[in-house]
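Notes to accompany the following structure.
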Ligand code: CP
């Protein structure tokens with residue numbers, strides 16, 4: 001592990017403006033801007049393993065967490081990330097905010113915007129909610145999950161976990177398994193993994209794989225044994241019963257029999273294959289505890305740790321971008337910019 005002063009120096013060295021004003025989808029990044037962002041996140045991993053975890057990169061900045069859907073990992077990790085960067089953090093939930101009294105999302109956003117936050121972290125059940133808010137506010141918006149559309153920071157932390165486990169994701173074959181149809185994690189991961197040169201397979205029952213999935217640039221399988229052959233990574237998804245209209249699986253017991261990852265099915269993947277799950281897990285439904293808790297194969301706890309570091313990297317880079325765009329602080333902005341490294345798209 002890098003020594004304390006060296007870690008802080010490394011963070012400053014790697015700090016560069018985020019390539020966009022907002023982080024709404026995996027498509028806000030590209031093959032040139034992802035590696036430096038992951039390098040910055042790597043430095044934050046070392047930093048977070050120190051006993052003292054306080055920086056002033058976002059001192060004086062305000063981060064608002066606006067979660068209209070339940071969350072443990074994303075909400076807590078954004079809050080921890082912002083606090084470790086020195087920001088002031090406010091968290092709002094639908095139960096305690098005036099949306100419970102009928103206020104619209106746009107009115108809530110306008111109200112919060114008037115309080116001059118610097119970053120709004122938004123989770124909402126409606127696809128496109130974060131993008132809509134980004135058009136109404138003067139701060140940066142980070143999509144913390146919008147309906148079944150995208151969860152870009154989850155894909156970024158998954159990529160960080162894979163890069164640390166395998167060194168490079170280029171050429172890896174990653175199987176994303178289960179309830180693809182309702183999964184924002186799947187959509188963001190397909191985009192980011194493909195962007196970085198991984199081969200992505202989608203495996204699930206026909207009722208849980210979107211009809212147009214073969215046009216996502218992935219191979220589609222409706223058989224676990226066939227789909228898992230030769231893969232290096234098995235990413236299991238939660239069966240999202242709350243998003244299903246009608247019964248799309250006969251029973252959770254049947255589902256586990258055919259689609260739940262256990263030791264036998266993992267044996268169909270390449271020897272040494274790693275297991276991932278974004279959480280929350282339904283043990284005995286999409287994954288067996290035997291593989292989920294086996295630290296020789298499971299990256300699930302790593303994913304949680306990487307979540308804080310990846311979100312620190314995003315928040316810090318967005319903050320630098322805001323400073324760079326603010327004429328009163330422009331001279332303090334570091335270079336080179338991630339924007340300078342963007343490829344023409
Ligand atoms: N992975 C994920 O988004 O988990 P939470 O719902 O707990 O935030």
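So for the range 39-150, considering every pair of alpha-carbon atoms, how many percent are separated by more than 25 Å? Present the calculation step by step, with values, prior to reporting the outcome.
Details: 1415 of 6216 pairs.
Within the range 39-150, distances greater than 25 Å cover 23 percent of Cα pairs.
Kirkwood Rh, Cα Rg: Rg to Rh for the range 1-83?
Rounded to two decimals, Rg over Rh is 0.97.
Taking the Cα atoms only, what angle lies between the long axis of helix 34-48 and the longest principal axis of the chain, rounded to 10 degrees?
Its long axis makes an angle of about 80 degrees.
How large is the convex hull of the Cα atoms of the range 184-226 per residue, expressed in Å³ as a whole number?
Measuring per residue, one finds 68 Å³ for the Cα hull of the range 184-226.
log10 I(q)/I(0), Debye, Cα-only the range 126-274, no solvent, q = 0.14, 0.16 Å⁻¹?
Treating every Cα as an identical point scatterer, log10 I(q)/I(0) equals -0.69, -0.88.
At a 10 angstrom cut-off on C-beta neighbours, averaged per residue, how do the peptides 225-237, 206-218 rank from highest to lowest? Intermediate values should be presented prior to the final figure.
Working: 225-237: 21.2, 206-218: 14.6.
Ranked from most to least packed, the peptides come out as 225-237, 206-218.
What number, rounded to the nearest 500 deg cm²/dmol, is the helix-based mean residue ellipticity at 222 nm of the chain, given -39500 (n - 2.57) per DSSP H run of at least four residues and division by all its residues?
Calculated mean residue ellipticity at 222 nm is -11000 deg cm²/dmol.
Taking the chain as a Gaussian network, Cα atoms linked when under 10 Å apart, which of 128, 267, 167 shows the biggest mean-square fluctuation?
Among 128, 267, 167, the largest GNM mean-square fluctuation belongs to 167.
Considering only C-alpha atoms, what is the centroid distance from the range 92-108 to the range 185-234, in Å?
If you average the Cα positions of each part, the centres end up 36 Å apart.
Dividing the Cα convex hull volume of the range 120-206 by residue count, how many Å³ per residue is that? Spell out each step's value before the answer.
Values: hull volume 8.3 nm³, N = 87.
It is 96 Å³ per residue.
Build a GNM of the chain with springs between Cα atoms under 10 Å: which of 197, 60, 260 gets the top mean-square fluctuation?
60
Kindly express, to the nearest 10 degrees and within the range 0 to 90, the angle between helix 152-166's C-alpha long axis and the longest C-alpha principal axis of the chain.
On a 0 to 90 degree scale, this one is about 70.
Which residue, 161, 98, 134, tops the fluctuation ranking in a GNM of the chain built on C-alpha contacts under 10 Å?
Per the Cα network of the chain with a 10 Å cutoff, 98 tops the list.
Find, to one decimal place in angstroms, the Kirkwood hydrodynamic radius of the range 194-288, where the mean of 1/r is taken over every pair of different Cα atoms and then inverted. Mind showing how you got there, number by number?
Working: mean 1/r = 0.0713 Å⁻¹.
Every distinct Cα pair counted, the radius reaches 14.0 Å.
By how many degrees, 0 to 90 and rounded to 10, does the Cα axis of helix 300-325 deviate from the longest principal axis of the chain?
Long axis of 300-325 versus the principal axis of the chain: about 30 degrees.
Using only the alpha-carbon atoms of the chain, report the extent along each of the three principal axes, biggest first, to the nearest angstrom.
Here the spans come out as 59, 50, 41 Å, largest first.
Within the P(r) computed for the range 241-298, what percentage of the Cα pairs occupies the region above 13 Å?
Roughly 62 percent, once rounded to a whole number.
Quick one: Cα convex hull volume of the range 96-156, Å³ per residue?
Considering the Cα atoms of the range 96-156, their hull volume per residue is 85 Å³.
We did not get these values from a lab; they are worked out from the coordinates using the rules stated. Owing to the predicted nature of the structure, the values given are computational and were not obtained by experimental measurement. Heads up, the Cβs are rebuilt from the backbone with ideal geometry, glycines too, and the neighbour counts pull from every protein chain shown.
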